[in-house]
Each structure stands twice: as structure tokens, then as C-alpha cells.
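The values are calculated or read from the model by the stated rules, or taken from the named source; none is laboratory data. Bear in mind the structure is a predicted one, so any value in this text is a computation, not a measurement. Neighbour counts run over all protein chains shown; Cβ positions are idealised from the backbone, glycine included.
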Amino acid sequence: MVVLTERIPTGGAMVPFDPMQAAWGYMNQPGAAYNAYGARQFQDLLNRTQPRALNAYGGFRQGFNLGVPQGVNQASKAFTYGTRLAKGIPYLPAAGNLLEGDLAGAGMSAAGVLAGTAIGGPLGGVVGGMLGEPVIKGTGKLVGGVIGGVSDWSDPLSGRDMSILGIPLTPYAKTKSKQRKALELAEMRMPLYNEIAKKETQRQMALNNMNNAGQIIANVYSTNPFR
């Protein structure tokens, strides 16, 4: 059994490890305890984590083409993870759109990343990812307003029937597209509605026949002189 002796000092001397005594030492002599043990452990932790943090930071800078600091191990896993993180940051807006179920918005954000990267490199990709969706949507509204003749975006009948690649640009085009889909659904349901109406008519006719037959029998019975 290994006895740990580098623990909280008691009276200035190091003692074997005792959890209760260690806790008591921290409460009564926090400064001495930190100087004797805590500072050394913190430095050991820093010595273990500092190279990894530096490598991850170097990989992060490499992902944005900002240069790698000296002393960075480019073959380390931390460097690889830092590079991947940097390359994935521009696509965070697109990921947010996907989590919201907005596929069109995700496509616009991704298009902004590609355009920004082509213009300004990795940092341009970050800016493009943030501005891609609002810029594309705003451009669409601007084109719809100028060319499509939209005067009021809240009016479902405002503007001309304008669409690009099946995407409506004006409120009227959106309304027309929705109405077309509603008519298609109605046509799909029409045979079912007809069948329901036919069966309902047959049921009503059967009930009427039964009522008529019952009325005839009642009339015959009421006029029967032999009852």
C-alpha cells in the first residue's frame, strides 16, 4: 500500500495523507496548504494541459489560415481537432437552420459560406455564413418589390406571378402556389367524397323505402274492416 506524504502541512511539516486532516488543514491554513501542495498540483495540471491547449490553438489558427505559433505539434490530435473546429464554425448558422427544420435557410447560409470563402478565405466564410440567409432573402424581396410590383408584402394578392426555380418571389405567387396545391389535394379526395355521398344517398333511399313501406302497412291496417 502506497502512503502519500505530500499533503497538507500540520505545524509546517508534511504528514501522511488523511482525508479528515487534509480537509481540516485546508480550512485552518488555506494559504499554507495552497503554497505547500495546491500550487504544485496546479502547476502540474498546467504543464499537462498547456501543450494540448497550445496545439489546439495552433490548429484553430491553421483552420483560418492565420499562421501556426512556434512550438506547436502539428501532428497532435489537439491540433487536428482545433483545425476541424475552425473549419466547422462558418457552418454553425446552417446547422441552426437545420435544427429549426428550415432547409431553405440552411441552403442559403451554406451558400453564404461558400461565397464568403471564395471572396475572403476562411474568415470570409464566417461572415458569409452569418449574412448568407438574410442577404439572399432580402435580395429576393428587393427583386420581388422592384420587378414583381409588390406594394404590400402582407397582402397575399400583391405583386405579379413571379417565381424562380419554383420558389415564389411575390405574395401573389405564394398564394397561387398554395391554392394550386389545395386544388390538387381536393382532386385527390374527390373520388372518396363521391363514394361517401353515394353511400349516404343509398342509405337515405333505403330508409325512405322502409318508411314508405311502414306507412303503407299502417294505412292498410287502419282501414281494415276485419280488425
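Laid out as a table, the results:
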quantity: Filter pass, K141 being assigned to a helix (DSSP H, G or I) and modelled with pLDDT of 80 or more; calculated: no
quantity: G121, sole failed condition from (1) under 30 Å from P168 (Cβ atoms); (2) within 26 Å of the chain's Cα centre (by Cα); (3) in a helix (DSSP H, G or I); calculated: (1)
quantity: Residue tally, condition surrounded by fewer than 17 Cβ atoms within 10 Å (Cβ to Cβ) and either in contact (Cβ under 8 Å) with a residue 60 or more places away in the chain or on the phi < 0 side of the Ramachandran plot (or both), over region 90-106; calculated: 9
quantity: Filter pass, L114 being part of a helix (DSSP H, G or I), surrounded by fewer than 17 Cβ atoms within 10 Å (Cβ to Cβ), touching a residue at least 40 places away in the same chain (Cβ under 8 Å) and of a type outside the set (K, R); calculated: no
quantity: Residues that are out of contact with any helix residue (DSSP H, G or I) (no Cβ under 6 Å at 6 or more places or on another chain), within 16 Å of P134 (Cβ to Cβ) and either modelled with pLDDT of 90 or more or of a type in the set (A, V, I, L, M, F, W, C) (or both), drawn from region 97-113; calculated: A104
quantity: Check on Y221, modelled with pLDDT of 80 or more and among the aromatic types (F, W, Y); calculated: no
quantity: Subset of region 164-179 that is crowded, with 17+ Cβ neighbours inside 10 Å and not in a helix (DSSP H, G or I) - its residue that is farthest from the chain's Cα centre (by Cα); calculated: T170
quantity: Answer from V113, V126 - the residue that is touching a Phe, Trp or Tyr at 6+ places or on another chain (Cβ under 7 Å) and at negative phi; calculated: V113
quantity: Odd one out for S154 among (1) surrounded by 15 or more Cβ atoms within 10 Å (Cβ to Cβ); (2) within 28 Å of the chain's Cα centre (by Cα); (3) in a loop (DSSP other than H, G, I, E, B); (4) among the hydroxyl-bearing types (S, T, Y); calculated: (1)
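Every residue, every condition in (1) free of Cβ contacts under 8 Å to residues at least 12 places away in the same chain; (2) part of a strand (DSSP E or B); (3) of a type in the set (A, V, I, L, M), yes or no:
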| residue | (1), (2), (3) |
| --- | --- |
| N55 | no, no, no |
| R61 | no, no, no |
| L66 | yes, no, yes |
| Q70 | yes, no, no |
| Y81 | no, no, no |
| M108 | no, no, yes |
| V126 | no, no, yes |
| G129 | no, no, no |
